[in-house]
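Input: a single structure, listed below in structure tokens.
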Amino acid sequence: MIDPILVDTSVLLRTLQVENGEYEVVARAFEGLLRQGKRLQIVPQNLVEFWVVATRPVERNGLGLSTAQAAEELTKLQSMFDLLPETSFIFMAWEALVTQYGVS
């Protein structure tokens, strides 16, 4: 069985920020996970959050992409990662994790 990994939106955003010091870390992490046979997955909420930050102006802590550029990036992300369907199970799993580990 291939172990799935749900990728966080902040990690997805780093794939566009070549000048960010975390870009290389993310690239190496993806490569390592794929070599280990992990399946990298995203959910629709990742794409919504990605769009919001990608199209927000740079001066407001966004990436300042045009809607055409952001749409192109969404297409790339969907080709790179398995897109899981949005189900109530995803919320229940999230809720269990943040409660169990005290995420804040």
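The values are calculated or read from the model by the stated rules, or taken from the named source; none is laboratory data. Just so we're clear, the structure is a prediction, and the values are computed from it rather than from any experiment. So basically every Cβ, Gly included, is an ideal-geometry build from the backbone, and we count neighbours across all protein chains shown.
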#### Entry: Flag if Tyr23 is modelled with pLDDT under 95 and over 15 Å from Thr9 (Cα atoms)
no
### Query
Across region 1-20, which residue is farthest from Ile90 (Cα to Cα) among those that are at pLDDT below 90 and in contact with a strand residue (DSSP E or B) (Cβ under 6 Å, 6 or more places away or on another chain)?
Ile2
### Message
Being touching an Asp or Glu at 6+ places or on another chain (Cβ under 9 Å), at negative phi and in a helix (DSSP H, G or I) is true for just one of Val11, Val25, Val48, Val53. Which residue is that?
### Response
Val11
### Task
Tell me which residues, restricted to region 67-104, are part of a loop (DSSP other than H, G, I, E, B), within 19 Å of Ser10 (Cα to Cα) and among the small types (Gly, Ala, Ser).
Ser104
### Query
Would you say Glu49 is under 14 Å from Gln17 (Cβ atoms), surrounded by 15 or more Cβ atoms within 10 Å (Cβ to Cβ) and acidic (Asp, Glu)?
no
### Query
Just to be sure, is Val43 among the β-branched types (Val, Ile, Thr), out of contact with any Leu (no Cβ under 8 Å at 6 or more places or on another chain) and surrounded by 13 or more Cβ atoms within 10 Å (Cβ to Cβ)?
no
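With respect to Thr55, determine if the residue is loosely packed, with under 13 Cβ neighbours inside 10 Å and not charged (D, E, K, R).
no
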### Query
Residues in region 1-28 that are buried (at least 16 other Cβ atoms within 10 Å of the Cβ) and of a type in the set (Gly, Ala, Ser): how many?
0
